[in-house]
């Protein structure tokens, strides 16, 4: 048995659960597919904002999207944006820092997300950030994409790189599902 096959599955960490119900995300935001069936991969994304005056970090929005809908959403991105985003991530992601956190805490994925994967900034210093993870059923899928955290500065840089077509597509998704005013979502991206 290989080392990969011998590993125990890692359950979806509570940080990726629904912030209202505290239960795991159960349905795709787009097609309402039951994610608890475990028959599709899905992404969970959450965006947070720190309010220092209240000593609080709040979830601005969160969602789970199944692999079928995620692929459709990615198809809505322009070729230019896909290339630019991929290039930015390849050239700017702190892979060494991410790998070190994974090595230091192999069974604690929340510890993998203590710093922005691009800028390396400690989450405690970030006013805005988003996290994401790939899941299947009640398990975290880490073999092709570990859970990640991206800080506000990196989100701003990425947003500046996206084409108008892609930004319009993301705005449509936000309008359809969240009704967030444009001034609040200016630097929010969907990974």
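Points worth noting:
- Where residue 86 falls short, out of the listed (1) within 24 Å of residue 163 (Cβ to Cβ); (2) more than 17 Å from the chain's Cα centre (by Cα); (3) without any contact (Cβ under 8 Å) to a residue 24 or more places away in the chain: (2)
- Condition met for residue 73 (surrounded by 13 or more Cβ atoms within 10 Å (Cβ to Cβ), modelled with pLDDT under 90, outside any helix (DSSP H, G or I) and out of contact with any strand residue (DSSP E or B) (no Cβ under 6 Å at 6 or more places or on another chain)): no
- Hey, residue 91 in contact with a helix residue (DSSP H, G or I) (Cβ under 9 Å, 6 or more places away or on another chain), loosely packed, with under 15 Cβ neighbours inside 10 Å, modelled with pLDDT of 90 or more and not in a loop (DSSP other than H, G, I, E, B) or not: no
- Residue in segment 160-168 that is in contact with a helix residue (DSSP H, G or I) (Cβ under 7 Å, 6 or more places away or on another chain) and modelled with pLDDT of 95 or more present: no
- Residue check for residue 35: surrounded by fewer than 16 Cβ atoms within 10 Å (Cβ to Cβ), touching a residue at least 24 places away in the same chain (Cβ under 8 Å), out of contact with any helix residue (DSSP H, G or I) (no Cβ under 6 Å at 6 or more places or on another chain) and more than 18 Å from residue 151 (Cα to Cα): no
- Breaking point among (1) over 14 Å from residue 46 (Cα atoms); (2) assigned to a loop (DSSP other than H, G, I, E, B); (3) modelled with pLDDT under 90, for residue 119: (3)
- Segment 129-159 - residue that is part of a helix (DSSP H, G or I) and in contact with a helix residue (DSSP H, G or I) (Cβ under 8 Å, 6 or more places away or on another chain) and, of those, farthest from residue 25 (Cα to Cα): 157
- The set of residues from segment 42-60 being touching a strand residue (DSSP E or B) at 6+ places or on another chain (Cβ under 7 Å) and surrounded by fewer than 19 Cβ atoms within 10 Å (Cβ to Cβ) comprises 49, 50, 51, 57, 58, 59, 60.
- Selection from segment 58-83 of residues that are within 19 Å of residue 155 (Cβ to Cβ), touching a residue at least 40 places away in the same chain (Cβ under 8 Å) and out of contact with any helix residue (DSSP H, G or I) (no Cβ under 9 Å at 6 or more places or on another chain): 59
- Being farther than 14 Å from residue 141 by Cα and in a loop (DSSP other than H, G, I, E, B) is a property that residue 20 has.
The values are calculated or read from the model by the stated rules, or taken from the named source; none is laboratory data. As the structure is a computational prediction, the values presented were derived from the model and not from experiment. Neighbour counts run over all protein chains shown; Cβ positions are idealised from the backbone, glycine included.
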